[in-house]
Amino acid sequence: MKLGKNAQAVLLRIYIGESDRYGGKPLYRYLVELFRKEGFYGATVLRGITGFGKTSRIHTHSILRLSADLPVIVEVVDSREKIEEIKPVLEEIIVGGLVTEEEVTVCFYRGDDEEKE
């Protein structure tokens, strides 16, 4: 599937902790490398400044309380088929966290080296 103007795709959003690990490395890095290896269109990691999850324990970055486990969100966009293929793999890898998905419309997708349409 070519990701072009007004294409329908799926945004997969993965909420995990900064200290989560898999395969000897931070989980967020492992996931980005997995998505790249599997040929996904792209992935982004966002680091939160405050949040809480299932345990209701606040994770925050402040002068008074430095958390070693800040919230991290990994986002990846691709076709419904690719997202469905990777979800069972993610269920095996992600021990604690939340995974959501939503339908999105791609406005445009291009690299720096491409000319505008």
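Values quoted throughout were computed directly from the atomic coordinates according to the rules given, and no laboratory measurement underlies them. Remember, predicted model here, so these are calculated numbers, not experimental data. Positions of Cβ are generated from backbone atoms using ideal geometry, with glycine treated the same way; all protein chains shown enter the neighbour counts.
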What full-extension length gain, to one decimal in nm, is calculated for THR50 and ARG13 as 0.36 nm per residue of separation minus the Cα-Cα distance? 11.6 nm
What distance in nm separates the two pseudo spin-label positions at THR100 and LYS5, each 7 Å out from Cα along the beta-carbon direction? 3.0 nm
Which peptide among 14-20, 100-106, 77-83 comes first, and what is the full order, when sorted by highest mean count of other Cβ atoms within 10 Å? 14-20, 77-83, 100-106
